[in-house]
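This report concerns only the one structure given below.
The values are calculated or read from the model by the stated rules, or taken from the named source; none is laboratory data. None of these values were measured; they are calculated from a predicted model. FYI the Cβ positions are ideal-geometry reconstructions off the backbone, even for glycines, and counts take in every protein chain you see. The accessibility values were calculated without ligands, DNA or RNA, using every heavy atom of the protein model including side chains. Shrake-Rupley method; radii C 1.70, N 1.55, O 1.52, S 1.80 Å.
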Amino acid sequence: MLAIGLTLLAVGVVAAVVCFFWKRSSDKTAGWWTAVAAVDIETALDAGDGIAVAVTGTTVAPAGPDGAPQKDPTLGTPAAWWRETVTEHWEERVRVNRSGNDSGPDHRWEERSNTISSRESTAPFVVRDGGRDLTITLRDLDVEGDLLQSRADRVAASAGAASGEGGLAATILAGLTQMTADRRDHYVETRIDVLPDGVPVLVAGRMAGTTLVADAEHRLQVCEGTVEERLGESLKSAGRARLGLIAAGVTAGIGALLSVVGAIVG
């Protein structure tokens, strides 16, 4: 009984900590969506600096050096914003410390990764509605994943890395990975995430002239839906976190009670 009580107590405490931070984050997000004013771009441009607004419109890719719309470096399509990340992956042998009478393997394989490089577009893009443009800064930008077109390409150690074939990823792989007894399954993944040109979006931040910037405590949001939908999702998340916090407290309380009884009885 003591062991069960201590287990429940530990589970309850951990769950309570997780739910506490979950609820705090959800409450903070709900507070942000409550504070923003849902307006059109024309109204936002006249709102004044520092006013929190949320507007809808369509993404417009900035012009590249040649005057044509900016394109992402991999897919080659017009892009309002893009990000490319190159990551090395492998499995590494980790020793398992066992007691003298504990049988089993003396090691296990764990996944490892290392971000080699990351780059993204630097030109601010525009959200357009009714012929009016609102410039979106890229600092502290948070783009919802459902809006992105993504592609990931892998180059394994056997895919031409040693011979120089396979492009940049293969070259990086040849220089960074070594096939040893303690490492296996090496590969380099190049991932490109693109916010396409001409996509309907909801953007939320604070006005600074004709530009939308991030709030001091909240990243500049580029997402789908409406303010009402976003607020509803945040409130639901906070409600689930509250229920989880209550359940965790009950679990910890039961665990504490069983621990005391078990200590007395045992």
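Take GLU110 and decide whether it is in contact with a helix residue (DSSP H, G or I) (Cβ under 7 Å, 6 or more places away or on another chain) and of a type in the set (D, E, K, R). Spelling it out, it is not the case that GLU110 is in contact with a helix residue (DSSP H, G or I) (Cβ under 7 Å, 6 or more places away or on another chain) and of a type in the set (D, E, K, R).
Being more than 22 Å from the chain's Cα centre (by Cα) and of a type outside the set (S, T, N, Q) is the requirement here; does ASP27 meet it? No, not satisfied. In the set (1) within 30 Å of LEU231 (Cα to Cα); (2) in contact with a strand residue (DSSP E or B) (Cβ under 6 Å, 6 or more places away or on another chain); (3) open to solvent by 60 Å² or more (accessible area, probe 1.4 Å), the condition left unmet by SER113 is number (1). Per the conditions (1) free of Cβ contacts under 8 Å to residues at least 60 places away in the same chain; (2) in a loop (DSSP other than H, G, I, E, B), the sole criterion not satisfied by GLY31 is (2). For the stretch 29-70, the tally of residues that are within 18 Å of THR137 (Cα to Cα) and among the hydroxyl-bearing types (Ser, Thr, Tyr) stands at 3.
Of all residue pairs spaced 6 or more apart or on separate chains, none has beta-carbon atoms under 9 Å together with a first member in the stretch 125-148 that is free of Cβ contacts under 8 Å to residues at least 12 places away in the same chain and a second member that is polar (S, T, N, Q) and not in a strand (DSSP E or B).
For residues in the stretch 82-105 being open to solvent by 80 Å² or more (accessible area, probe 1.4 Å), of a type in the set (D, E, K, R) and modelled with pLDDT of 70 or more, which is nearest to ASP193 (Cα to Cα)? Going through the qualifying residues, I end up with ARG93.
Every residue, every condition in (1) in contact with a helix residue (DSSP H, G or I) (Cβ under 7 Å, 6 or more places away or on another chain); (2) among the small types (Gly, Ala, Ser); (3) without any contact (Cβ under 8 Å) to a residue 24 or more places away in the chain, yes or no:
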residue: LEU2; (1), (2), (3): yes, no, no
residue: ALA35; (1), (2), (3): no, yes, yes
residue: ILE51; (1), (2), (3): no, no, no
residue: ALA61; (1), (2), (3): no, yes, no
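Checked against (1) free of Cβ contacts under 8 Å to residues at least 60 places away in the same chain; (2) open to solvent by less than 50 Å² (accessible area, probe 1.4 Å); (3) over 28 Å from ARG132 (Cα atoms); (4) not β-branched (Val, Ile, Thr), PHE21 passes all but condition (2).
From ALA256, ALA248, ALA208, which residue is open to solvent by less than 80 Å² (accessible area, probe 1.4 Å) and touching a Leu at 6+ places or on another chain (Cβ under 7 Å)?
Among ALA256, ALA248, ALA208, only ALA256 is open to solvent by less than 80 Å² (accessible area, probe 1.4 Å) and touching a Leu at 6+ places or on another chain (Cβ under 7 Å).
Considering the conditions (1) among the charged types (D, E, K, R); (2) out of contact with any Lys or Arg (no Cβ under 9 Å at 6 or more places or on another chain); (3) at pLDDT 90 or above; (4) surrounded by fewer than 18 Cβ atoms within 10 Å (Cβ to Cβ), ARG230 is excluded by exactly one of them, (4).
Which condition number in (1) assigned to a strand (DSSP E or B); (2) closer than 30 Å to LEU245 by Cα is the one that ALA79 fails? Answer for ALA79: the failing condition is (2).
Taking the listed residues ALA47, ALA37, ALA79, the one that is touching a Pro at 6+ places or on another chain (Cβ under 9 Å), surrounded by 14 or more Cβ atoms within 10 Å (Cβ to Cβ) and closer than 29 Å to ALA204 by Cα is ALA79, with no other qualifying.
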